[in-house]
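Structure first, commentary second.
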Amino acid sequence: MAIQRMDNVLIVVEDLDAVIAFFVELGMELEGRGPVEGRWVERVIGVDDVRQEVAMLRTPDGQGKVELAMFHTPTAISPEPRDAPANTLGIRRIMFAVDDIEDVVARLRARGAVLVGELERYEDIFRLCYVRGPEGIIVGLAEQLR
């Protein structure tokens with residue numbers, strides 16, 4: 001077998017504290033946070049003079065992880081447009097299963113998140129929505145109905 005599991009998804013951010021707070025409000029747990037630098041990381045990511053701070057968050061079941069990186073050097077490059085629509089090429093969102101979608105949306109809205117579209121029902125199976133959080137990060141939420 002070539003793949004054992006998906007380990008994590010990396011999101012490069014400018015305001016590490018705000019994005020950590022957003023994911024913690026969503027229900028993730030901060031696993032660790034600290035500096036990452038040195039020749040080894042430069043060789044892995046193909047960028048010279050790297051100095052960054054990284055935070056690792058995990059889902060409550062311990063199976064899913066999100067890694068956040070804030071670059072001190074070199075300066076991170078912003079994509080255009082910043083709040084790209086859902087049909088833009090590349091990774092657009094991370095989807096989480098939640099037990100009470102309305103509660104999660106309300107808590108994230110209190111942190112400045114906005115619905116991308118609307119909260120919708122897919123047959124009698126799911127209630128779904130996309131939420132745009134800090135730095136334009138799109139999070140999909142799915143509440144299973146049966």
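Within the set Gln63, Gln52, the sole residue that is out of contact with any Gly (no Cβ under 9 Å at 6 or more places or on another chain), exposed (fewer than 14 other Cβ atoms within 10 Å of the Cβ) and not aromatic (Phe, Trp, Tyr) turns out to be Gln63.
Beta carbons closer than 7 Å, at least 6 apart along the sequence or on distinct chains, pair a first residue in the range 111-132 that is assigned by TED's automatic domain parsing to the domain that holds Asp99 with a second that is of a type in the set (Asp, Glu) and surrounded by 14 or more Cβ atoms within 10 Å (Cβ to Cβ) for Arg111/Glu25; Phe126/Glu143; Arg127/Glu143. Just give me the residues in the range 84-104 being out of contact with any Leu (no Cβ under 7 Å at 6 or more places or on another chain), of a type outside the set (D, E, K, R) and within 23 Å of Ala21 (Cα to Cα), in sequence order. Listed by number, the residues that qualify are Ala84, Ile91, Ile94, Met95, Ala97. Would you mind stating whether Val36 is surrounded by 13 or more Cβ atoms within 10 Å (Cβ to Cβ) and in a helix (DSSP H, G or I)? Considered against the rule, which asks whether it is surrounded by 13 or more Cβ atoms within 10 Å (Cβ to Cβ) and in a helix (DSSP H, G or I), Val36 comes out as no. Considering the conditions (1) over 23 Å from Leu141 (Cβ atoms); (2) loosely packed, with under 12 Cβ neighbours inside 10 Å, Arg82 is excluded by exactly one of them, (1).
Return the residues of the range 52-78 that are in contact with a helix residue (DSSP H, G or I) (Cβ under 9 Å, 6 or more places away or on another chain) and charged (D, E, K, R); say none if nothing qualifies. Passing the criteria: only Glu53. Comparison of Val116, Val105, Val19 shows that the only residue that is within 14 Å of Arg132 (Cβ to Cβ), modelled with pLDDT under 95, surrounded by 15 or more Cβ atoms within 10 Å (Cβ to Cβ) and not small (Gly, Ala, Ser) is Val116. Counting only strands (runs of 3 or more DSSP E) wholly contained in the range 51-146, the ones carrying 2 or more residues that are among the aromatic types (Phe, Trp, Tyr) occupy 126-132.
The values are calculated or read from the model by the stated rules, or taken from the named source; none is laboratory data. Because the structure is predicted, anything quoted here is derived from the model rather than measured. Every residue, glycine as well, gets a Cβ built from its backbone with ideal geometry; the counts of neighbours run over all protein chains shown.
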